[in-house]
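Taken together, the values in this text are just the output of simple stated rules run on the coordinates, not laboratory data. What you see is a predicted model, and the numbers here were worked out from it, not measured in a lab. No Cβ is skipped: glycine too gets one built from the backbone with ideal geometry, and neighbour counts run over all protein chains shown.
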């Protein structure tokens, strides 16, 4: 059985109404984790549409919310869970395409942790994520082995989730999928992208561009958490050395672009420098300035 799991954080009324339109009467169980900001009227709308709501009554971060959704779906009998953000632009055939791709991999005895769609540019022209092919792995028809996938749009295999372990709750939000997918590969489970499905996706609320380089425009706490988790990831053996070296070259450029975009404010640079130091020291968890 396939379940659909949504993560919610201060969703707009339009987003709630869109979820109701998409999933009312769904043939798949639909669960949603409220990470904060869901009002009583919207809660009633979702529950009336058959959405099962989960909540910790505070913002516990994306990773903990995803873990709760997968675990709840598994207890309900699901063997696969499609994870989606509240604003995910899901095409009508995407669920079937992902499920079919997972079935093909399992039929060929290829352990599969996750299957995801090709990310496309969202209608606000923000930068979509890019995924690299896993070195030493060949495509299987329309299925491409990739180093990692964004969680939104990812079909998680529950048995693989049990074997690989949960998403790191101490990462809180950024780099969660990257660390988990590298961990899955190291445990013998593949991460695959199917060319038969697409999803509108974005990172941040826009794109900062300069000198041929792009980086997402996002709140300071998000950029700081991304830096912290990236630097901490250099300590993890299952994250490949080539990836660490690419980040070692790229992260300073991202910091420079972000600081420039923020008007070279000293407070911004201090916050980012503290994040790097926290990463080296292994000080993870919920950022103090997280909403």
Original post:
Just how far, in whole angstrom, is region 1-55 from region 182-243 if you go by their alpha carbon centroids?
Top reply: 26 Å
**OP:** For a quick protection proxy, order the peptides 248-259, 73-84, 139-150 by their average other-Cβ count within 10 Å, most packed first.
**Re:** 73-84, 139-150, 248-259
Original post:
How much length is gained on full extension from residue 290 to residue 71, taking 0.36 nm per residue of separation minus their Cα-Cα distance?
Top reply: 76.4 nm
Original post:
With each label point set 7 Å from Cα along the Cα-Cβ vector, what nm distance links residue 27 and residue 163?
Top reply: 2.8 nm
Original post:
Expressed in nm to one decimal, what extension gain is obtained for the pair residue 237 and residue 209 from 0.36 nm per residue of sequence separation less their Cα-Cα distance?
Top reply: 6.9 nm
Original post:
Peptides 208-214, 48-54, 175-181: what's the order by average Cβ count within 10 Å, highest mean first?
Top reply: 175-181, 48-54, 208-214
Original post:
For residue 261 and residue 109, what is the calculated FRET efficiency with R₀ set at 45 Å and r taken between the beta-carbons, to the nearest 0.05?
Top reply: 0.40
Original post:
Taking the convex hull of the alpha carbon atoms in region 1-80, what volume per residue do you get, in Å³?
Top reply: 77 Å³
Original post:
Under a plain spin-label model, where a point goes 7 Å from the Cα along Cα-to-Cβ, how far apart in nm are residue 270 and residue 250?
Top reply: 3.0 nm
**OP:** Express the relative contact order of the chain as a whole percentage, based on alpha carbon pairs under 8 Å and six or more residues apart in sequence.
**Re:** 18 percent
Original post:
Nearest 0.05, what FRET efficiency do residue 133 and residue 17 give at R0 = 25 Å with Cβ-Cβ as r?
Top reply: 0.05
